[in-house]
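S.K.: Sharing a structure, written as structure tokens. Questions coming.
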Amino acid sequence: MYRKLIAFAVTSALMAPLAAQADAKPKVQFYGQLQVEVAKQDSKGVSATVVDDNKRGRLGVKASEDLGDGMKAIAQFEWQVDTSDANATDGRRIGMVGLQGSFGQVTSGSLMSPYKYTGGVKYDPFVTTFLEARSKGGMSGKIESAIAAKATGMPDSKGSFGHHSFIHNAVSYSIKHKSLSFSIVYSPDQQGDARGADGDYATALKYKRGSMESFIAATNDASNKMRATKVGGRYTTGKHSIMGQYEKIDAAGTNVGVLFLGYHYMLGKNMLVAQLGNTSIDQVGKDDIKYYALGVIHMFSKRSRLFTGYRNTDNGDANKDSAFSVGLRFDF
């Protein structure tokens, strides 16, 4: 009798934490970013004062549940919103479910591209502003897909698999081991999505140790017949940070090279930013597209910032574009 009672007590003690864990509620986090920017823009000789969000606005929710044995179920959904005109349905971003554990992370849905977020937009503090490098001569974007569209008759998708947009109807795998991290996203079937076709992918391998990192990444946009690879890295010492990347792109048979260099200097709560870029298009009669931006970002706190600067894009003909901008952003 006593042995049965002892066995029952031991079993109950072991099962209690498991039962409590099974009944535990998932962790849920709501978040967002809102921004409004006022810019004096001069494009092709026409000047205008513009108030815009520039694709920074977003609202989202993240959730996770501890499944035990070091494994978690994860989910996320993120909406694109436009702060400047209170548009809550400004575009698609992230929607995913997945599992996370010692094996790495497996997710499926509408996913972030490793090509876009390895180096790329992470190296540009002016991304989603009038000062950004992508599509302005400093990083791949709609310039390359426009070339592909002209050659193939396909619509310009603004470089969905360069440094714009996300990969929909996709699966992904990522893992990190010490200084190395690897990630890949693959879309076997875009289900008629005009921004993608069967067989699209993006992948990246990054090495990071201390204040230095380097990476190599690749992507394939089948609908625009655009393939790209890039290499780059960043080094930080004290208040100084330098970074750069080079992209080699085949856009429907036209070769494109895109160079980006950036320098940041922290002065109290201010980040001083200088950026240079050059897009070289292997096409008769096509001049290089030169980009530079200078500005400062003042961090009131971790959530609130004020930024201002000047950006110039010049391809050597009448298609010059420049902007002086002041903006305010709030993260929550």
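The values are calculated or read from the model by the stated rules, or taken from the named source; none is laboratory data. Worth saying up front: this structure is predicted, and the values here are computed from it rather than measured. Methodologically, a virtual Cβ is constructed for each residue, glycine included, from the backbone with ideal geometry; neighbour enumeration extends over all protein chains shown.
S.K.: Restricting to segment 170-182, name every residue that is in contact (Cβ under 8 Å) with a residue 40 or more places away in the chain and within 14 Å of residue 103 (Cβ to Cβ).
M.R.: Within segment 170-182, 172, 173, 174, 175, 176 qualify.
S.K.: For segment 211-227: of the residues being at pLDDT 95 or above and not polar (S, T, N, Q), which is farthest from the chain's Cα centre (by Cα)?
M.R.: 212
S.K.: Can you tell me which residues in segment 283-310 are closer than 30 Å to residue 252 by Cβ and in contact with a Gly (Cβ under 8 Å, 6 or more places away or on another chain)?
M.R.: Initial filter on segment 283-310 (closer than 30 Å to residue 252 by Cβ): 283-293.
Scanning segment 283-310 gives 287, 288, 289, 290, 291, 292, 293.
S.K.: Sticking with this one: Looking at 77, 30 in this structure, which one is over 27 Å from residue 182 (Cα atoms) and at pLDDT 95 or above? Show your work before the answer.
M.R.: Working: 77 fails: over 27 Å from residue 182 (Cα atoms).
Just one listed residue meets the conditions, 30.
S.K.: Let me ask another. With the condition kept exactly as written, say whether any residue in segment 274-282 is over 18 Å from residue 134 (Cα atoms) and surrounded by fewer than 19 Cβ atoms within 10 Å (Cβ to Cβ).
M.R.: Yes, segment 274-282 contains at least one residue that is over 18 Å from residue 134 (Cα atoms) and surrounded by fewer than 19 Cβ atoms within 10 Å (Cβ to Cβ).
To keep it simple, each residue is scored yes or no on (1) of a type in the set (Gly, Ala, Ser); (2) part of a strand (DSSP E or B); (3) under 20 Å from the mean Cα position of the chain (by Cα); (4) farther than 17 Å from residue 25 by Cβ.
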{"residue": "55", "(1), (2), (3), (4)": "no, no, yes, yes"}
{"residue": "59", "(1), (2), (3), (4)": "no, yes, yes, yes"}
{"residue": "67", "(1), (2), (3), (4)": "no, yes, no, no"}
{"residue": "72", "(1), (2), (3), (4)": "no, yes, no, no"}
{"residue": "77", "(1), (2), (3), (4)": "no, yes, yes, yes"}
{"residue": "92", "(1), (2), (3), (4)": "no, yes, yes, yes"}
{"residue": "96", "(1), (2), (3), (4)": "no, yes, yes, yes"}
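S.K.: Could you check how many residues of segment 214-262 are of a type in the set (Ser, Thr, Tyr) and either touching a Lys or Arg at 6+ places or on another chain (Cβ under 6 Å) or crowded, with 20+ Cβ neighbours inside 10 Å (or both)?
M.R.: 3
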